[in-house]
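Working notes for the structure below.
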Amino acid sequence: MPADYYELLDVSRDANESDLKRAYRRKAREHHPDANPGDAGAEARFKGISEAYAVLADPEARARYDRFGHEGLRGGMGGPAFDFDLSDIFESFFGGNPFGGGRSRRRSGPPRGDDHETVVDLDFDEAVFGVDRPIEVRVLVSCADCDGSGAAEGTSPTMCSACEGMGQVRQVRQSLLGQMVTAAPCARCRGIGEEIADPCRSCRGEGRQPEQVSLVVRVPPGVDSGATLRLSGRGSAGPRGGPAGDLYVHLRVAESDVFVRQGDSLVAELPVTMLQAALGASVPFDTLDGLQELVVKAGTQPNDTIRLSGLGVPRANGRGRGDLHVVVRVDIPKKLSKSEAAKLREVASERGEQVEGGTAPNRAERVRDDVDGEESPQRRRKRRQRQ
């Protein structure tokens, strides 16, 4: 069975509010864990004492306890009908932990400055290889005249008289669930915990002023459109010396006329003539790393791919680069000279291919050629006549 709350505080059942406070002060100091190092049961005793005071200090909870005992403090599902914070109870009496441990109230201090956003446009190769890009942003910076304090020269901020430097005001009220403690930012000092009697004339007590700031953004290799860089502490300075916010740089990468990015890989096209594709050739191609001589093998077909290892986009983990895939595009001439057309018709005739303006051997001759592996007399005679 849980211990009797009156016995825990060592008070009589008709103890008034003052008796309860004095008893709790005495017991809390005596049994606080920090005052009893090495005593494993000190924390449990301290919690029981704080729980006893939380119930007996609340008239409604105390009435239920006096009438129904511990069962009167439970909700319909068997759970506790009220809750409390040991730190709030202890701080309400002692203004913090007198033994140096646990949680204590602290002034919130000047708030953090605002974050800012900007957009940086990059060329395609800048995104691939990285770049240091100068930018300008308009942010709030610490006031040089008051060094960010907000107070005029020769003066300094003082503790807020409304919140006593805590930056927040707490209110304790009674409810059906016991004592409810609410906290809100102090309206007098706006949560900073300080007051300024003589504000700085340059910043009017804000401790900061707007300014156009020049920065250099170091863009790492391999970024893509939509990536965002976070520059810590490059946003606006907080009021009255508060920490600065961050600057978020959104990257927008221009498209390339030559390359298409697919993750860490690049894809490009290599135009070749039909004769280069058929006979083979060495064709110059301008990669992002400089000019390369690409070998087009004889018999290359349209959409065949030449893979250049390590000439793609740097990987995000810093381990090398992707590949460059060059897709062969065979260009067919739209117009030929008479001599060019004649030569191609001759080639077509030799290969037994029917083309416009040319003659093809009959089927029997082509079959004999295929079987014998040599030119038939009839085809040889016709070829000589054409010459």
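The values are calculated or read from the model by the stated rules, or taken from the named source; none is laboratory data. Fair warning: this is a prediction, and the values are worked out from it, not measured in the lab. Neighbour counts run over all protein chains shown; Cβ positions are idealised from the backbone, glycine included. What goes into the accessible areas is simple: the full protein's heavy atoms, side chains included, and nothing from ligands, DNA or RNA. Shrake-Rupley method; radii C 1.70, N 1.55, O 1.52, S 1.80 Å.
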(request) Please work out if residue 254 is in contact (Cβ under 8 Å) with a residue 40 or more places away in the chain, open to solvent by less than 70 Å² (accessible area, probe 1.4 Å), in contact with a Leu (Cβ under 8 Å, 6 or more places away or on another chain) and small (Gly, Ala, Ser). (result) yes
(request) Would you be able to say whether some residue in region 180-192 is modelled with pLDDT of 90 or more and either open to solvent by less than 40 Å² (accessible area, probe 1.4 Å) or under 30 Å from residue 51 (Cβ atoms) (or both)? (result) no
(request) Please determine, by comparing only the residues of region 56-69 that are open to solvent by less than 40 Å² (accessible area, probe 1.4 Å), in contact (Cβ under 8 Å) with a residue 12 or more places away in the chain and out of contact with any Lys or Arg (no Cβ under 6 Å at 6 or more places or on another chain), which one is farthest from residue 173 (Cα to Cα). (result) 65
(request) Kindly indicate whether any position in region 13-28 is surrounded by 13 or more Cβ atoms within 10 Å (Cβ to Cβ) and within 47 Å of the chain's Cα centre (by Cα). (result) yes
(request) Look at residue 133 and say whether it is in a strand (DSSP E or B), closer than 18 Å to residue 209 by Cβ and either open to solvent by 80 Å² or more (accessible area, probe 1.4 Å) or at pLDDT 80 or above (or both). (result) no
(request) Could you please tell me which pairs satisfy a Cβ distance under 8 Å, a separation of 6+ or placement on different chains, a first residue in region 329-353 that is within 29 Å of residue 294 (Cβ to Cβ) and without any contact (Cβ under 8 Å) to a residue 12 or more places away in the chain, and a second residue that is in a strand (DSSP E or B) and open to solvent by 80 Å² or more (accessible area, probe 1.4 Å)? (result) none
(request) Just give me the residues in region 13-43 being free of Cβ contacts under 8 Å to residues at least 40 places away in the same chain and over 13 Å from residue 53 (Cα atoms), in sequence order. (result) 14, 30, 31, 36, 37, 38, 39, 40, 41, 42, 43
(message) Need the failing condition index for residue 237 against (1) over 20 Å from residue 148 (Cβ atoms); (2) surrounded by 15 or more Cβ atoms within 10 Å (Cβ to Cβ); (3) aliphatic (A, V, I, L, M), just the number.
(response) (1)
(message) If the requirement is being modelled with pLDDT of 85 or more and buried (at least 16 other Cβ atoms within 10 Å of the Cβ), which of these qualifies: 139, 119?
(response) 139
(request) May I ask you to list the residues in region 261-286 that are among the β-branched types (Val, Ile, Thr), in contact (Cβ under 8 Å) with a residue 24 or more places away in the chain and crowded, with 17+ Cβ neighbours inside 10 Å? (result) 272
(message) Considering only residues that are charged (D, E, K, R) and open to solvent by 100 Å² or more (accessible area, probe 1.4 Å), which ones fall in region 287-307?
(response) 293, 297, 307
(message) Taking the criterion of being under 22 Å from residue 18 (Cα atoms), in contact with a Leu (Cβ under 7 Å, 6 or more places away or on another chain), modelled with pLDDT of 75 or more and among the aromatic types (Phe, Trp, Tyr), would at least one residue in region 58-71 satisfy it?
(response) yes
